[in-house]
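The values are calculated or read from the model by the stated rules, or taken from the named source; none is laboratory data. Since we're looking at a predicted model, the values are computed, not measured. Note that we place each Cβ from the backbone using ideal geometry, even for glycine, and neighbour counts take in every protein chain shown. Heads up: the accessible areas ignore ligands, DNA and RNA and are worked out on the full protein's heavy atoms, side chains in. Shrake-Rupley method; radii C 1.70, N 1.55, O 1.52, S 1.80 Å.
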Amino acid sequence: MTLIKVILYRLNPWGMVPMSTSHTSKLLQNLWDRKQADMLDEPGRLLYRSNLLGSDKRITNYGGGNTSAKVTMADPLTGADTTVLWVKGSGGDVGTMKLDGFATLYQDKLNDLRNLYRGVEFEDEMVGYLPHCTFDLNPRASSIDTPLHAYVPKAHVDHMHPDAIIAIAAAKDGESLTNEIFGDDIGWLPWKRPGYELGLWLNKFCEENPAARGVVLGSHGLFTWADTAEECYAVTLDIINQSITWLDNKTSGKTAFGKAVHPVLSEEQRREIAQNLMPEIRGLISAEQYKVGHFDDSAPVLEYVCSEQMPALAALGTSCPDHFLRTKIRPLIVDFDPTSQDIASTVTSLPEALSQYRDEYKAYYDRCKHADSPAMRDPNPVVYLVPGVGMITFAKDKATARVSAEFYTNAINVMRESSAVSTYCGLPEQEAFDIEYWLLEEAKLERMPKPKSLAGRIALVTGGAGGIGSATAERLLSEGACVVLADIDNDLLSQTHQQLSDMYGKDVVRKVLMDVTHEHQVIEAFHFTGVEFGGVDILVSNAGIASSAAIEDTTLELWNMNMDILSTGYFLVSREAFRMLKRQSLGGSVVFIASKNALAASPGASAYCTAKAAEVHLARCLALEGAGEGIRVNVVNPDAVLQGSKIWTGEWLQQRADAYGKDAEGLQAHYLERSLLKRAVLPEDIAEATYFLVSDASAKSTGNILNVDAGNVQSFTR
Ligand SMILES: NC(=O)c1ccc[n+]([C@@H]2O[C@H](COP(=O)([O-])OP(=O)(O)OC[C@H]3O[C@@H](n4cnc5c(N)ncnc54)[C@H](O)[C@@H]3O)[C@@H](O)[C@H]2O)c1
Ligand SMILES: [Zn+2]
């Protein structure tokens, strides 16, 4: 998408502009730095090429494609020279992979495998032989595509999934278009599921066409090859650029996807509708497994969802196997009319629409299954297209939901170009099924590590920038939850957000500036959580202050401040949490970080103690109200968490010290001494207790109080 086109989208509410008129800005630039590359050895140069190719999503999609080099190396046992195939292994992404992402195999052993091949119906068993060809005990598992690289008789091979090539590969007359664009330079092989047989097809093609520089694989992608790493990179770019130029010339002046039939709503309206729909959808599809959502309203997506051809194209499904493995055979088109914007009737239509989708998915499974097919997987859609609004995706975690949206965007690009120059074809249903339920794919899924205890859960932590709040956010993240940090301290919020993103990845942490006393901001923060992650399961109400004053010195202002933040603030955030939790109908867990002072009075802090006591009673009321819906509400009572707490850097420290007639250091010792266990309480201790209360380990506890205070007889609950 060029800048000019993006600007035009803003100006034209119907979102339709003629397809690009200039291709020069779209062309891939050759970024090969000879000086840098020449300093590397051959595997290093392969890695350099792979990272260059994979860093541009126009060249290949996330996790898609692979690269290889046949390198002469000394055999570790005999010292004799031998040819080793370095080929991207299973998993990872070419753009970000490291050298350990390559599998290494003896080329002559791979050649010998031909003697064991019993024919196409047995091709899957060849995968079992690949580990026997491993060179130098490399533990990286070989990918299904290994034979495709092994049997191309060239030193360097790239396999990429460029949108501009798949647009040709998925066109009804892809073979003749390939010939028209590339002549004898690039051949054509019809769709064939990647595996040993396709490796032999490639070999045969190369033997018969020694001058060819590559081949387009029908409904799939591109193979290119050359004698050196630099040349291979250049060939790959050159072929993709030829296709981009050709497509641009052919589509210039044409309107994409027919004409626009829906208006593009404003960004604010789009997010408002998304936050309304996402928790509803999430509730309807998370019965078996919690799902996390992603919202995408980029220009290509809006153009597509507002277009005349969208319903017909969406029904055809995606083409490249990578695309539909991530997006399911088809998206669900949400029944929403952006002109009337009747969101209530859309919400009412969702249960039926989803149930119909699931029935159709089951029918597809039953039509296509084989005797030994794995059991049917989750029949819910991954991709939801909302006219005028954008695309929502749901998956088991945030990164998968985001990547699914990226893949469907690739598919949109393919459909746009392909249907402008020809007729776009999805992969035949049986072929799609055979990839989706491939036993080798199933084995890959089974090798995946067990999900963490909070995988798919979404948490909002108030006071998330503070000592206990950030420790709690980290604990929840470490168990696989997505977390929204809400706080009033902008600087500290950004700092905490950065730290946690560095540790757990950008996908799973968000921040929102929110004052718990401000009703509108609280409502907005939950809407934000709805759009960013799709809903909420966990509220940790923790934002707080502390104040100290004798009753006769307690101003009304001080009293109200404590009540506002600690009591009213806890009410406001729980009310919004309850509203969202009830819309999802998935239960939920609320934890209040109250205080030892909620149960046991402290001298000279009546406003704080009373407000904290109100929190405990509010929690009990809410436990009662939430139980019928599976919403649990519990309390953690900390005491004297001096480390990491901002409260203990302010006046409170001095005031408490004065109240007990101590200096600052003496106060810490006083608390330690006062505790039954004689131990300091840390933010991590509060985080651990909170984690317990939000996790399924405490599934049968509600209305409870968990003291984390190193033992304090006054606050024993009774
Ligand atoms: N630290 C302790 O010894 C201790 C003891 C008992 C209870 N608590 C309670 O634990 C909770 C967390 O305290 P902490 O020790 O981590 O303190 P902290 O000051 O480090 O963290 C509190 C966070 O809440 C935020 N906050 C304050 N007012 C807010 C508002 N109106 N809206 C949104 N955010 C707001 C602050 O900016 C801060 O980041 C508080 O409720 C506190 O009363 C703490
Ligand atoms: Zn591929």
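What are the residues in segment 141-172 that are among the aromatic types (Phe, Trp, Tyr) and in a helix (DSSP H, G or I), if any? Scanning segment 141-172 gives no hits.
For segment 97-122, filtering for residues that are surrounded by 19 or more Cβ atoms within 10 Å (Cβ to Cβ) and not in a helix (DSSP H, G or I) leaves 6. Among the residues making up segment 173-209, those that are open to solvent by less than 30 Å² (accessible area, probe 1.4 Å) and in a loop (DSSP other than H, G, I, E, B) are Pro194, Gly195. Of everything in segment 499-547 that is open to solvent by less than 50 Å² (accessible area, probe 1.4 Å) and polar (S, T, N, Q), the residue that is farthest from ligand 1 (Cβ to nearest atom) is Ser501.
Counting residues in segment 210-217 that are open to solvent by less than 10 Å² (accessible area, probe 1.4 Å), in contact (Cβ under 8 Å) with a residue 60 or more places away in the chain and within 33 Å of the chain's Cα centre (by Cα) gives zero.
Could you list all residues from segment 83-106 that are more than 16 Å from ligand 2 (Cβ to nearest atom) and over 19 Å from Arg45 (Cα atoms)? Residue satisfying the conditions is Tyr106 alone.
Conditions tested, residue by residue: (1) under 19 Å from Val590 (Cα atoms); (2) assigned to a helix (DSSP H, G or I).
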position	(1), (2)
Asp507	no, yes
Val516	yes, no
Ile523	yes, yes
Gly544	yes, no
Glu552	no, yes
Asn560	no, yes
Ile565	yes, yes
Gly569	yes, yes
Val573	yes, yes
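Of all the residues in segment 441-479, those that are within 16 Å of ligand 1 (Cβ to nearest atom) and open to solvent by less than 20 Å² (accessible area, probe 1.4 Å) number 14. Tell me whether segment 658-665 contains one or more residues that are on the phi > 0 side of the Ramachandran plot and at pLDDT 95 or above. No, every residue in segment 658-665 fails to be on the phi > 0 side of the Ramachandran plot and at pLDDT 95 or above. Does Val616 satisfy being in contact (Cβ under 8 Å) with a residue 60 or more places away in the chain, within 16 Å of ligand 1 (Cβ to nearest atom) and open to solvent by less than 20 Å² (accessible area, probe 1.4 Å)? So Val616 fits the description; yes.
For beta carbons closer than 6 Å, sequence separation of 6+ or different chains, a first residue in segment 632-659 that is within 20 Å of Gly711 (Cβ to Cβ) and in the same structural domain as Leu599 (by TED's automatic domain parsing) and a second that is part of a loop (DSSP other than H, G, I, E, B) and within 16 Å of ligand 2 (Cβ to nearest atom), there are no qualifying pairs. Residues in segment 554-609 that are of a type in the set (D, E, K, R) and closer than 25 Å to Leu476 by Cβ: Arg575, Glu576, Arg579, Lys582, Arg583, Lys596. In segment 250-291, of all residues being open to solvent by less than 10 Å² (accessible area, probe 1.4 Å) and within 21 Å of Ala312 (Cβ to Cβ), the one that is modelled with the highest pLDDT corresponds to Phe257. Taken over segment 153-185, the residue count meeting the criterion of being out of contact with any helix residue (DSSP H, G or I) (no Cβ under 7 Å at 6 or more places or on another chain), more than 22 Å from Gly89 (Cβ to Cβ), away from ligand 2 (no atom under 16 Å from the Cβ) and of a type outside the set (S, T, N, Q) is 7.
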